[in-house]
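J.: If you scroll down you'll find the structure; I have some questions about it.
The values are calculated or read from the model by the stated rules, or taken from the named source; none is laboratory data. Being a predicted model, the structure only gives us computed values, none of them experimental. Positions of Cβ are backbone-derived with ideal geometry, glycine not excepted, and every protein chain shown enters the neighbour counts.
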Amino acid sequence: MTVARQILHVDLDAFFVAVEQARDPSLKGKAVVVGGDPDGRGVVATASYEARVFGVHSAMPLRTAKRLAPHAIFLRGDFKEYQRYSRAFHAILGEYSPLVESGGLDEAFIDVTGCEPLVGTPEQAAATIRARIRDELQIAASVGMATSRLVAKVASDAAKPDGVKRVPEGEEAAFLAPMPLRALPMLGPSMEKKLAQLGLSTLGQLASLPVATLEGLFGRHGGAIWQRSRGIDASHVGGEPRGHSISREGTFGSDVHDPEHLRAVLRAFSESVGSQLRQQGKRARTVSLKLRYEDFTTLSRSKTVQRPLSSNEAIFEAADALLTRIRQVEKRPVRLIGVGASGLVEDVVQLSLEPSHETKSESLSATFDKVRSKYGTRSLQTGRTAFDGATQNDDSVFDRSTGLSSQMEH
């Protein structure tokens, strides 16, 4: 007999704000926005629930947030402190199961199947975990419980704030059915728009479509979406999450038109991404570039390479090629620029008797890492690298796996 999996998704509520309130209890119960200067160019990273009442939400321009909630307290944020709290959070989860998969700084999946003798029922495990997080970190956590990662994630969203939601085995499709399309992870805005044109607005309506219809609309992804809309998800908890990536991005103080300025900042971000890759002992198969313009139009392009890379120069060259290609068509001033690395693999390559250009670049990058580790990020840099002041601290710019940027933009 097959035993149903017991998976929890634990999500810290309004994490950045919660950390600030834990450090300064006088902020509790107040409208607090983490993101930066409300008169600057950044966006909201996290807003307290008191601020959300006024319509403030993540990714909203800070100036808009200030207009909606002029009385709110605006904080720049402290990335290193958020990392410290995140490590403590994940350490707690690691005591309840060997199968824990981080979804970022503030969320994680934990598979407690078979752990009942140690942690009790899923409800008991959730209660204990939430109590420890509250007692040790002074932060509230919402927990979703289900037989799959997918449904557990949606359940934790439904449980917010500071709640618990369990979806029993066999009730997954019924639980999802009344929810809006956007509630389904991995169903993006463009896909939602196409489905809306068919008159669909809920996951139940989506699940009722013939799978062939969805495959006609979205190709091979159509079948996966059809299954997910019914709560079918066989993916396992543990190891590196699919699609894991590292990226850095920043918003300029004023829009930048000069291509050399863009390239210099892009090089700085490439160096930061490369350094993080090497710290993790990883290489990347794909490099991506992100550009955002004054009207918030965002372009993303990517390039997959034959040989997984990790050097600063290789990452920059790939990103720069994408930048050149985009600017041949779109020459508007740029509001935001970013570079990312995905398709991560272990840092294992076939050795060659003759040192290649890439091998030399990797050796140089490793030397940069050693010097910067000892003397600071800006202690050693090329004449073509620019740590633009508009991106604030180059050590705390955006990491897609954590959801935080120097201006808390995502």
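J.: Tell me, yes or no, whether region 105-113 has at least one residue that is at pLDDT below 90, in the same structural domain as Arg5 (by TED's automatic domain parsing) and either within 23 Å of Pro161 (Cβ to Cβ) or assigned to a loop (DSSP other than H, G, I, E, B) (or both). Give the steps one after another, and end with the answer.
T.: So in region 105-113, the residues at pLDDT below 90 come out as 105, 113.
Pick out the ones that are also in the same structural domain as Arg5 (by TED's automatic domain parsing) and you get 105, 113.
If we keep only those that are either within 23 Å of Pro161 (Cβ to Cβ) or assigned to a loop (DSSP other than H, G, I, E, B) (or both) too, we end up with 105, 113.
For region 105-113, residues at pLDDT below 90, in the same structural domain as Arg5 (by TED's automatic domain parsing) and either within 23 Å of Pro161 (Cβ to Cβ) or assigned to a loop (DSSP other than H, G, I, E, B) (or both): present.
J.: State whether one or more residues within region 227-242 are out of contact with any helix residue (DSSP H, G or I) (no Cβ under 7 Å at 6 or more places or on another chain), among the basic types (Lys, Arg) and either loosely packed, with under 15 Cβ neighbours inside 10 Å or outside the structural domain of Glu330 (by TED's automatic domain parsing) (or both).
T.: Residues of region 227-242 that are out of contact with any helix residue (DSSP H, G or I) (no Cβ under 7 Å at 6 or more places or on another chain), as a first pass: 227, 232, 234, 236, 238-242.
Remaining after also requiring among the basic types (Lys, Arg): 242.
Cutting the leftovers down to either loosely packed, with under 15 Cβ neighbours inside 10 Å or outside the structural domain of Glu330 (by TED's automatic domain parsing) (or both) gives us 242.
Checked region 227-242: at least one residue is out of contact with any helix residue (DSSP H, G or I) (no Cβ under 7 Å at 6 or more places or on another chain), among the basic types (Lys, Arg) and either loosely packed, with under 15 Cβ neighbours inside 10 Å or outside the structural domain of Glu330 (by TED's automatic domain parsing) (or both).
J.: Restricting attention to region 288-313, report how many residues are in contact with a helix residue (DSSP H, G or I) (Cβ under 6 Å, 6 or more places away or on another chain) and closer than 15 Å to Arg263 by Cα.
T.: 3
J.: Filter region 159-183 down to the residues that are under 21 Å from Val100 (Cα atoms) and among the aliphatic types (A, V, I, L, M) and list them by number.
T.: Result: Ala159, Val164, Val167.
J.: Among the candidates Ser254, Ser247, Ser208, which residue alone is small (Gly, Ala, Ser) and crowded, with 17+ Cβ neighbours inside 10 Å? Lay out the reasoning, then the answer.
T.: Values: Ser254 fails: crowded, with 17+ Cβ neighbours inside 10 Å; Ser208 fails: crowded, with 17+ Cβ neighbours inside 10 Å.
Just a single option satisfies the conditions, and that option is Ser247.
J.: Hey, does region 266-287 have a residue that's in the same structural domain as Gly343 (by TED's automatic domain parsing), without any contact (Cβ under 8 Å) to a residue 12 or more places away in the chain and within 21 Å of Ala321 (Cβ to Cβ)?
T.: no
J.: Of the residues that sit in region 13-42 and are surrounded by fewer than 23 Cβ atoms within 10 Å (Cβ to Cβ) and hydrophobic (A, V, I, L, M, F, W, C), which one is farthest from Asp135 (Cα to Cα)?
T.: Leu27
J.: Taking helices (runs of 4 or more DSSP H) that fall entirely within region 13-93, which contain at least 2 residues that are at pLDDT below 95 and touching a Ser or Thr at 6+ places or on another chain (Cβ under 9 Å)?
T.: 79-93
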